[in-house]
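*Asks:* To start, I am sharing the structure in question, which I have written as structure tokens.
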Amino acid sequence: MFLPIYRQDFTREKKAEEIMDSMEKIQYGGSFLLAPVPVVLVGCAHEELGKNLITIAWTGVDCSDPMMLHISVRPSRYSYRMIRESGCFTVNIPSADILEAVDYCGIVSGSKVDKFEKCGLTAVDGLKVSAPLVKECPINLECEVKDVIELGLHHMFIGTVVEKHVRKRCMSPKGTIDPEKVGFISYVHGEYWSLGSRLERAGFSMGSR
């Protein structure tokens with residue numbers, strides 16, 4: 001015997017409440033909960049439109065070999081056409097000391113102002129792509145667009161990393177990147193946060209230190 005639809009819905013809602021209560025949690029209807037996420041300055045260039053910077057937090061690693069990452073951009077953004085038509089972009093990982101510039105580049109459109117000039121940032125030619133690097137960022141990645149996935153509000157540019165640059169003084173004596181010297185920035189629910197202290201090395205649960 002089947003319960004009436006309203007009865008089934010009530011039963012499911014009651015079950016959900018019980019589950020949430022057992023975990024001491026609520027069902028959250030606010031902003032995206034995946035956090036923290038990186039904050040990067042994406043550099044782009046176009047024969048007609050010139051060069052520009054856009055701050056992106058919807059970014060991440062997609063593949064290790066070949067090395068690939070993605071950035072997600074709204075088609076309405078000034079940088080969108082530049083990246084789509086040029087077929088390349090740079091991902092510049094900023095440090096906390098240029099946070100004001102990072103914030104500005106995510107708010108003001110490049111159609112109205114030269115962000116490099118306004119923020120006192122230095123555009124440097126890439127070795128492999130036509131998009132500019134940001135000298136003041138301790139880490140720079142040059143990327144060629146491999147694919148564009150039109151997801152919805154954002155379109156995802158999947159890029160192949162064709163060149164990498166790291167500031168010399170951000171390297172450790174072991175030849176690895178020292179996070180404390182970089183000063184990474186994270187985006188957390190509309191706020192910028194720095195990294196905390198090191199917890200452990202990946203693989204420590206198996207005895208790897």
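The values are calculated or read from the model by the stated rules, or taken from the named source; none is laboratory data. Remember, it's a predicted structure, so these values are computed and weren't measured experimentally. Every residue, glycine among them, receives a Cβ derived from its backbone with ideal geometry; neighbour counts consider all protein chains shown.
*Asks:* Of everything in segment 31-48 that's of a type in the set (A, V, I, L, M) and under 21 Å from Gly196 (Cα atoms), which residue is surrounded by the most Cβ atoms within 10 Å (Cβ to Cβ)?
*Replies:* If we take residues in segment 31-48 being of a type in the set (A, V, I, L, M) and under 21 Å from Gly196 (Cα atoms), then Val40 is surrounded by the most Cβ atoms within 10 Å (Cβ to Cβ).
*Asks:* List pairs: first residue in segment 34-60 and basic (Lys, Arg), second residue at pLDDT 95 or above and not in a strand (DSSP E or B) anywhere in the structure, Cβ distance under 8 angstrom, at least six positions apart or on different chains.
*Replies:* As it stands, the answer is Lys51/Phe116; Lys51/Ala131, since those pairs meet every condition given.
*Asks:* Next question. Within the bounds of segment 49-57, is there any residue that is farther than 21 Å from Ser194 by Cβ, out of contact with any strand residue (DSSP E or B) (no Cβ under 6 Å at 6 or more places or on another chain), modelled with pLDDT of 95 or more and not aromatic (Phe, Trp, Tyr)?
*Replies:* yes
*Asks:* On to the next question. Going by the conditions given, is Lys168 of a type outside the set (A, V, I, L, M), at pLDDT 95 or above and loosely packed, with under 10 Cβ neighbours inside 10 Å?
*Replies:* Yes.
*Asks:* Please go through segment 58-94 and pick out each residue that is polar (S, T, N, Q) and either modelled with pLDDT under 95 or surrounded by fewer than 17 Cβ atoms within 10 Å (Cβ to Cβ) (or both).
*Replies:* Ser64, Ser76, listed by residue number.
*Asks:* Let me ask another. Would you call Ile19 at pLDDT below 95, in contact with a Lys or Arg (Cβ under 9 Å, 6 or more places away or on another chain) and either farther than 20 Å from Gly190 by Cα or not in a loop (DSSP other than H, G, I, E, B) (or both)?
*Replies:* Here the answer is yes, as Ile19 does meet what is asked.
*Asks:* What are the residues in segment 95-112 that are in contact with a helix residue (DSSP H, G or I) (Cβ under 7 Å, 6 or more places away or on another chain), in a helix (DSSP H, G or I) and crowded, with 19+ Cβ neighbours inside 10 Å, if any?
*Replies:* Passing the criteria: Ala101, Cys105.
*Asks:* Scan segment 169-207 for residues that are in contact (Cβ under 8 Å) with a residue 12 or more places away in the chain, under 25 Å from Lys135 (Cα atoms), assigned to a strand (DSSP E or B) and of a type in the set (A, V, I, L, M) and report the count.
*Replies:* Counting residues in segment 169-207 that are in contact (Cβ under 8 Å) with a residue 12 or more places away in the chain, under 25 Å from Lys135 (Cα atoms), assigned to a strand (DSSP E or B) and of a type in the set (A, V, I, L, M) gives 2.
*Asks:* For Phe116, only one of the following conditions fails: (1) surrounded by fewer than 19 Cβ atoms within 10 Å (Cβ to Cβ); (2) touching a residue at least 60 places away in the same chain (Cβ under 8 Å); (3) not in a strand (DSSP E or B). What is its number?
*Replies:* The one condition Phe116 does not meet is (1).
*Asks:* Under 9 Å between Cβ atoms, at least 6 apart or on separate chains: pull out the pairs that start in segment 70-84 with a residue that is closer than 11 Å to Ser111 by Cβ and end on any residue that is modelled with pLDDT of 95 or more and of a type in the set (Phe, Trp, Tyr).
*Replies:* Cβ pairs passing all conditions: Ser79/Phe89; Met82/Phe89.
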